[in-house]
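A short reminder: the numbers here are calculations on the coordinates, not readings from a lab. Worth saying up front: this structure is predicted, and the values here are computed from it rather than measured. FYI the Cβ positions are ideal-geometry reconstructions off the backbone, even for glycines, and counts take in every protein chain you see.
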Ligand code: HEM
């Protein structure tokens, strides 16, 4: 089925990406992870389905996973909704400049037993078949600080 025309500015993201990342935060031991990300268009619909899974580089143990939808929201604008099995839900608004997507949470909600997260910033940059992202969060009593940086290749 044809790509919905509203998705053309986001078409550079479509595909499956694999690579490695590094994680950090003032409260955790630095860690390394392997990651697979996929952005797939909804059939004829104006959204990209986003899925992500990771595992520990050293032990192979599954780490974080998350799922969501990236939605074009008018010229140069984008919205993202994400759910995490750790009880965290993010709603972002942001922009697209060329192949750079920058997102800042409008709302972060957590379930009663989840870790406290109040703000998230996500930057995704695609250069040909290379995708790099970084994520900062305000969590567990700290302000916005980097939690993740990764580089993935289109498969
Ligand atoms: C590639 C994706 C991610 C990986 C591999 C990852 C991995 C980790 C690891 C290994 C830890 C330390 C051990 C632990 O507490 O479980 C951690 C802590 C944490 N992560 Fe992530 N994480 C990811 C994404 C996220 C995202 C998207 C958020 C929130 C928006 C998040 C929020 C947190 C919080 C709140 C903590 C606990 C900090 C603390 O209790 O001191 N993580 N993460």
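Between residue 40 and residue 115, the simple label model (points 7 Å from Cα in the Cβ direction) yields a spacing of 2.9 nm. Its relative contact order, with pairs defined as Cα atoms under 8 Å and 6+ residues apart, puts segment 69-115 at 31 percent.
Convex hull volume of the Cα atoms of segment 106-148, normalised per residue: 85 Å³. Beta-bridge orientation, the chain: approximately 100 percent antiparallel, per DSSP, counting only bridges with both partners inside. Label-to-label distance for residue 81 and residue 61 is 3.3 nm, based on points extended 7 Å past Cα in the beta-carbon direction. Once the gyration tensor of the Cα atoms in the chain is diagonalised, the equivalent ellipsoid follows with semi-axes of 25, 18, 14 Å, ordered largest first. Here the spin labels are modelled as points 7 Å beyond Cα on the Cα-Cβ line, and at residue 146 and residue 24 they lie 0.5 nm apart.
For segment 28-69, the residues whose amide N sits under 15 Å from a probe point set 7 Å from the Cα of residue 153 along the beta carbon direction are 35-37. Report, in whole Å, the centroid distance computed from the Cα atoms of segment 24-70 and segment 76-147. Their Cα centres are 12 Å away from one another.
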